[in-house]
Amino acid sequence: MTDTSTRTDTGPDTDTGPDTGPDTDTADTDTTSGTTAPAPTAEEREERLRRWRLVLGDPAEEGTGFQLADRDVEMDRTLAAVYDEPRSAGLGGSAPRVARWLGDIRTYFPSSVVRVMQRDAIQRLGLTSLLAEPEMLEAVEADVHLVGTLLSLGRAIPESSKETARAVVRKVVEQLEKQLASRTRTTLNGALDRSARIQRPRHQDIDWDRTIRANLKNYLPEYGTVVPERLIGYGRASRSVKKDVILCIDQSGSMAASVVYASVFGAVLASMRSISTRLVVFDTKVADLTDALDDPVDVLFGTQLGGGTDINGALAYCQSKISRPNETVVVLISDLYEGGIRNEMLRRVAAMKSAGVQFVTLLALSDEGAPAYDREHAAALAELGAPAFACTPDHFPEVMAAAIERRPLPIPAAN
């Protein structure tokens, strides 16, 4: 039986597809204008039948009356290898056969669809172990999810494939750095300058928005003006360290994409002279990877995805590294499934916040939104003033800027 929903998601054309079935000969009515659209032409009907046949798979050939030909036959074969049952008709356990399939899907589908089909093939057909083979790694379309899969293999990757695996990971990391680094530095440098406000600024350094709000009590209605008794200005940029940032990352299996993004952001933050960055990963043990931050690929290969979770133990380590609480931002990235001591974890968060630490809780740092997470722990953190929410990589610089400036976090509406 064909998995029609998945085929629809990864089909060969990402434009609007059929929504009422293959038989659409009748004219359509435009409900906004009341006019009747012309009936589809023979070519349009044939194209709709072609799409339905590709979506529904081989069993639909008799029902649609449409027979694939030429390039479409090969396209259908690549889809059937993953989405049609029985699975015994799929890719099997042969690395060369999988490598050929990976080449085929790049021929017939755009990169965005290729990445989805690769992920589905790995999950549905159990091909994870084949990623330890060099010919497979050379054939795949590299993305964040593939990096997460490679990291989960860890020591299972044979020596003959390790260099190829590192090359795949480096390719993805460099792409992410190119996308994220410039905007992150610009956003955070602005936040750092604004957070270093001075009380006797020169005219060009006055923060008028903050100055007006601070002096509203001095409003003179008869003159329609505010008398600014106290001027607030932007601080001058300096080479001194202004903020300490600790990224505390859960490396359980469900957090793979978050680990990848957090490692890249950690390297970007570490490159900024005004920020002292520490990167800590944890499961039931804690690993401080700060010394590897100049190369996020080394950071990623220093992680070990999977295993249990001891958030309390990780926060205890982070807490021990805080020397300037009022200038420190701690970012916990975790699904909050705590295997350690729950009440102690919450007490640590409360103690850090009471000391002046800005505490940020991210359920995920990825494009997929919030994973399954411990809602009870999330609610308890929210009561402490550390609301937990998912964050996309594009939104992360704004979250960090708000934390640096000690203003309310810009929590996405979906959370």
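The values are calculated or read from the model by the stated rules, or taken from the named source; none is laboratory data. Just so we're clear, the structure is a prediction, and the values are computed from it rather than from any experiment. Note that each Cβ is placed from the backbone with ideal geometry, even for glycine, and that neighbours are counted across all protein chains shown. In case anyone asks, the SASA skips ligands and DNA or RNA and just uses the protein heavy atoms, side chains included. Shrake-Rupley method; radii C 1.70, N 1.55, O 1.52, S 1.80 Å.
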| remark: Output for region 299-415 (equivalent-ellipsoid semi-axes, sqrt of 5λ from the C-alpha gyration tensor, Å, descending) is 19, 19, 15
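Express the carbon and sulfur contribution to the solvent-accessible surface of region 338-415 as a percent, rounded to the nearest whole number, probe 1.4 angstrom.
Within region 338-415, the accessible surface is 50 percent carbon and sulfur.
With the convex hull built on the Cα atoms of region 327-378, state its orientation-averaged projected area in nm².
Details: hull surface 16.1 nm².
The orientation-averaged projected area of the Cα hull of region 327-378 comes to 4.0 nm².
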| note | The value for region 270-320 (convex hull of the alpha-carbon atoms, volume per residue, Å³) is 73 Å³
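Just to be sure I follow: if Rg is taken over the C-alpha atoms of region 220-336 and Rh is the Kirkwood radius over the same atoms, what is Rg/Rh?
On the way: Rg = 19.3 Å, Rh = 16.0 Å.
So for region 220-336, dividing Rg by the Kirkwood Rh gives 1.21.
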| query | Tell me, what ³J(HN,Hα) does each residue in region 286-293 have, in order and in whole Hz, if you take phi through Karplus 6.51 cos²θ - 1.76 cosθ + 1.60 with θ = phi - 60° and put x for Gly and Pro? | reply | 10, 10, 9, 9, 4, 5, 9, 5
| Relative contact order for region 249-301 using alpha-carbon pairs under 8 Å, separation at least 6, rounded to a whole percent? | 36 percent
| message | Need one value: the accessible area of ARG183 in square angstrom, 1.4 angstrom probe, rounded to the nearest 10. | response | 100 Å²
| query | What is the packing order of peptides 338-347, 386-395, 310-319, taking the mean over residues of other C-beta atoms within 10 Å and listing the highest first? | reply | 310-319, 386-395, 338-347
